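Data first, discussion second: the structure below is written as structure tokens.
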Amino acid sequence: MIKAEGIEKGFGSLKVLKGLSFSADKSEVVSIMGASGAGKSTLLQILGTLSTPDAGSLLIDGIDVLSLDSKTLSEFRNRKIGFVFQAHHLLPEFTALENVMIPAFIAGRPEKDAREAALSLLADMGLSERISHKPSELSGGEQQRVAIARALVNNPSVLFADEPSGNLDTVTKAEIHKLFFDLRDKYGQTIVIVTHDPELAKMCDRSLFMRDGVFVDE
């Protein structure tokens, strides 16, 4: 599902990624660990097509994404890729349901279709009673569940998560961790998670460790 080879990225004289290669199979859950500054989030942004590498190749679902023009890449990202971040990035003026429906509208899906998909996902998240609530009326864990539903509404092939439980209490964190695997079992997404949490890493099919812009044995 994901195949990256020889990925390099620098910012001025600072080389953040140093010829790194990465792959993930369909429906595989892979965690990436490492100290702050190791290059984890930079790699995730490149794999998620939010940033362009200085060198290397990247195939997602068989598509050479680095060769796509910006409009085609935006459409590909909207249909094929979902993102979950530590900060929920929900739009405060919209309800939970509306927040989840927005990527479907961007993809040009009819309102009835978008609404049905959003309601089904929010039910999977245990949020059927909270669909009309705005983010300020939801707990941190509930907000993150809405963000995960939003990431999945277009049924992407790949879900990228950057410290998805970093701001949550211990109980809520465990619930969110389990949720990723329940979703993988139901929807079959490939999931790549950047995390500092060893408990989450242990749950994954495979865990990689980064140091100074490369993967190392740990």
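The values are calculated or read from the model by the stated rules, or taken from the named source; none is laboratory data. Only a predicted model underlies this, so the values are computations on that prediction, with no experimental measurement involved. Reconstructed Cβ throughout: ideal geometry from the backbone, glycine too, with neighbour counts over all protein chains shown. Quick note on the areas: whole protein, heavy atoms, side chains included, nothing else; ligands and nucleic acids left out. Shrake-Rupley method; radii C 1.70, N 1.55, O 1.52, S 1.80 Å.
Miscellaneous remarks
- Assuming charge only on the beta carbon of Lys and Arg (+1) and of Asp and Glu (-1), the dipole of the chain about its Cα centre is about 260 debye to the nearest 20.
- Taking the DSSP bridge list for the chain and keeping only pairs wholly inside it, about 50 percent are antiparallel.
- Here the accessible area is traced with a 1.4 Å probe on the protein chains. For segment 165-218, carbon and sulfur cover 51 percent of it.
- The HN-Hα couplings worked out from phi for segment 187-203 by the Karplus form 6.51 cos²θ - 1.76 cosθ + 1.60 (θ = phi - 60°) are 10, x, 5, 7, 10, 10, 10, 8, 8, 9, 8, x, 5, 5, 4, 5, 6 Hz, whole numbers, x standing for Gly and Pro.
- Given their separation in residues at 0.36 nm each and the Cα-Cα distance between them, His133 and Ser23 gain 35.7 nm when the chain is fully extended.
- Whole-number accessible area per residue in Å² for segment 1-124, which is evaluated in the context of all protein chains at 1.4 Å: 49 Å²
- Carbon plus sulfur fraction of accessible area for segment 100-146, probe 1.4 Å, in percent: 50 percent
- Per DSSP, loop GluC sites (Glu not before Pro) in segment 121-210 with at most 16 further Cβ within 10 Å: none
- Neighbour net charge for Ile60 - beta-carbon separation under 12 angstrom, K R +1, D E -1: +3
- Under 19 Å of direct C-alpha separation, and excluding same-chain neighbours fewer than eight residues apart, Lys80 reaches these lysines: Lys3, Lys26, Lys71, Lys186.
- J(HN,Hα) series, segment 124-137, from Karplus relation 6.51 cos²θ - 1.76 cosθ + 1.60, nearest Hz, glycine and proline x: 4, 7, x, 10, 4, 8, 10, 5, 8, 7, 8, x, 5, 9
- From the coordinates shown, Rg and Dmax of the Cα atoms in Å corresponds to which of (i) 17.1, 51; (ii) 17.2, 54; (iii) 17.0, 58: (i)
- Under 5 Å, built H, 5+ apart or other chain: amide partners of Val84: Phe160, Ala161, Asp162
- For segment 158-218 versus segment 91-151, the spacing of their alpha-carbon centroids is 22 Å.
- Helix 70-80 axis, angle to the chain major axis (alpha carbon atoms, nearest 10°): 60 degrees
- In the elastic network of the chain, a GNM with C-alpha springs shorter than 10 Å, the most mobile of Ala161, Ala149, Ala87 is Ala87.
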